[in-house]
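The values are calculated or read from the model by the stated rules, or taken from the named source; none is laboratory data. This structure is a prediction, so every number in the text was calculated from the model and none was measured. Virtual Cβ from ideal backbone geometry, glycine too; neighbours counted across all protein chains shown.
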Protein chains: 2
Amino acid sequence: MKWTDLDENWCPIARTLSVVGDRWTMLILRDCFQGLSRFDQFVQSTGATRHVVAGRLKRLVEADILDKRPQATGLKRCEYVLTDKGKELEPALRVLFDWGKKHLPIRRPTKT
Amino acid sequence: MKWTDLDENWCPIARTLSVVGDRWTMLILRDCFQGLSRFDQFVQSTGATRHVVAGRLKRLVEADILDKRPQATGLKRCEYVLTDKGKELEPALRVLFDWGKKHLPIRRPTKT
DNA sequence: TGAGCAAAGTTCCAAATCGAAACTATAGGT
DNA sequence: ACCTATAGTTTCGATTTGGAACTTTGCTCA
């Protein structure tokens, strides 16, 4: 089964995951919540390739989670901003944040 | 960048996603919260292939999110149960559930 | 006894996706 | 006219996936 097939799944969790159930997508959303909005920012911040970022952004826009706004003046330059629907995903990211902070503490190199 | 590299990321969200940031993993956890505990149940319920389920379960056990308990009598039969650490991911699934229910209503075939 | 069955993987191969890096297209600046 | 910035697209080899068959071990029941 391919994961896009999950979009008609009986389970709301599966349907949600058919849109955002992927680490790069989630990281892009994290960036959006932190105020980033441009293509190259996402590429830099997430560490995903341009290829993948392009695909994820396209899907997020199609799903009406992000809104793509061309800058008035130029054609290329644009902004990706969260829609209201997208903003409602924030609690999910907060849970992931808290869980990671508690259960996956970063291992700093112990000073020798 | 490969996604296992996220496990030492400065961001707790990224670290969390390095373990559970994948749709099949999340669906397996959903099943666990609903009381499923056996390999074939996960395969059936999620729709992922045995191949993928095997890999995901292995990682969840390594991450101490699931505990693998061989059944006393047999060697093959076993149970996967959530650890306390794993149980703390429930709020994340609840958010995904609520969001999907609200924003991705299932499209029933309209009766003609 | 021994044939069949269940459970939990593993293996195989072809197809899809990814990572890395180079390339393209358009606007603006100098 | 040339250079830079931005937002992609393309290419190609490597990795991961999907799908199905196969393996292994113990259990059941005739």
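Among residues belonging to segment A:49-68 that are within 12 Å of the chain's Cα centre (by Cα) and farther than 22 Å from A:Arg94 by Cβ, point out the one that is farthest from DNA strand D (Cβ to nearest atom). Filtering segment A:49-68 for residues that are within 12 Å of the chain's Cα centre (by Cα) and farther than 22 Å from A:Arg94 by Cβ, the one farthest from DNA strand D (Cβ to nearest atom) comes out as A:Arg59. Only one entry in B:Thr83, B:Thr46 is more than 8 Å from chain A (Cβ to nearest Cβ), out of contact with any Pro (no Cβ under 7 Å at 6 or more places or on another chain) and within 16 Å of DNA strand D (Cβ to nearest atom), namely B:Thr46. On inspection, B:Thr73 passes the criterion of being within 12 Å of DNA strand C (Cβ to nearest atom) and either surrounded by fewer than 15 Cβ atoms within 10 Å (Cβ to Cβ) or modelled with pLDDT of 95 or more (or both).
I want to confirm something. Restricting to segment B:25-42 and keeping residues that are over 8 Å from the mean Cα position of the chain (by Cα) and either within 11 Å of chain A (Cβ to nearest Cβ) or within 17 Å of B:Glu90 (Cα to Cα) (or both), which single residue is farthest from DNA strand C (Cβ to nearest atom)?
B:Phe33
Of all residues in segment B:8-45, exactly one satisfies the criterion of being of a type in the set (Asp, Glu) and closer than 18 Å to B:Asp84 by Cα, namely B:Asp31. Among the criteria (1) touching a residue at least 24 places away in the same chain (Cβ under 8 Å); (2) in contact with a Phe, Trp or Tyr (Cβ under 6 Å, 6 or more places away or on another chain); (3) within 13 Å of chain A (Cβ to nearest Cβ); (4) among the hydrophobic types (A, V, I, L, M, F, W, C), the one B:Ala63 does not fulfil is (2).
Filtered by the rule that a residue be near DNA strand D (Cβ under 9 Å from one of its atoms) and either surrounded by 13 or more Cβ atoms within 10 Å (Cβ to Cβ) or at pLDDT below 95 (or both), segment A:30-43 gives A:Ser37, A:Arg38, A:Phe39, A:Gln41, A:Phe42, A:Val43.
Could you please let me know if B:Thr46 is surrounded by 21 or more Cβ atoms within 10 Å (Cβ to Cβ), polar (S, T, N, Q) and under 20 Å from A:Lys102 (Cβ atoms)? So B:Thr46 fails the test.
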